[in-house]
Amino acid sequence: MPNKEIIRKKMHVKKDDTVMVIAGKDAGKKGKVLSVDTKNGRVFVDKVNVVSKHAKPTKANPQGGIAKQEAAIDSSNVMLFCSKCNKPVRVKHQIADNGVKYRACAKCGERLDK
């Protein structure tokens, strides 16, 4: 059996970015990226794609029950949100005077990296 390499997808969003969902059942919602799964090309966004998860009773949680949590959505369904333009925007990469690369809004040029 051949050795399969894990192919990681290059992502346009990072953890703690503010994004807007542009496709799917939660289209139009805005939220903060909680985590990024580069292996599968998916992102977890705060208060977006909330699903119910059934939990069996355990010693730690004797009641069990139904818990709400965020599920992953495909990274192609989100766009970075520019606070200056107040809309979802494409990203362009620029180089600062000191040689450091950063992401910027393609419309207004606002720096998106902190």
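When GLN63, GLN69 are checked against the criterion of being in a loop (DSSP other than H, G, I, E, B), out of contact with any helix residue (DSSP H, G or I) (no Cβ under 7 Å at 6 or more places or on another chain) and polar (S, T, N, Q), a single residue qualifies: GLN63. Applying the set (1) under 25 Å from ARG111 (Cβ atoms); (2) out of contact with any strand residue (DSSP E or B) (no Cβ under 6 Å at 6 or more places or on another chain) to LYS39 leaves exactly one unmet item: (1). Residues that are more than 25 Å from ARG111 (Cα to Cα) and surrounded by 12 or more Cβ atoms within 10 Å (Cβ to Cβ) do occur in the stretch 60-71, at least one of them.
Scanning the stretch 90-103 for residues that are closer than 15 Å to MET11 by Cα and outside any loop (DSSP other than H, G, I, E, B) yields VAL91, LYS92, HIS93, TYR102, ARG103.
Each row is one residue, and each column tells you yes or no for (1) closer than 30 Å to GLU5 by Cα; (2) at pLDDT below 95; (3) not polar (S, T, N, Q).
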position: LEU34; (1), (2), (3): yes, no, yes
position: VAL43; (1), (2), (3): yes, no, yes
position: ASN77; (1), (2), (3): yes, no, no
position: VAL91; (1), (2), (3): yes, yes, yes
position: LYS101; (1), (2), (3): yes, yes, yes
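Checking each residue in the stretch 11-35 for being in contact (Cβ under 8 Å) with a residue 24 or more places away in the chain and either farther than 14 Å from MET79 by Cα or in contact with a Cys (Cβ under 8 Å, 6 or more places away or on another chain) (or both) picks out LYS25, LEU34.
The values are calculated or read from the model by the stated rules, or taken from the named source; none is laboratory data. No experiment lies behind these values; they were computed from the predicted model shown. Glycine also receives a Cβ, built like all others from the backbone with ideal geometry; neighbour counts cover every protein chain displayed.
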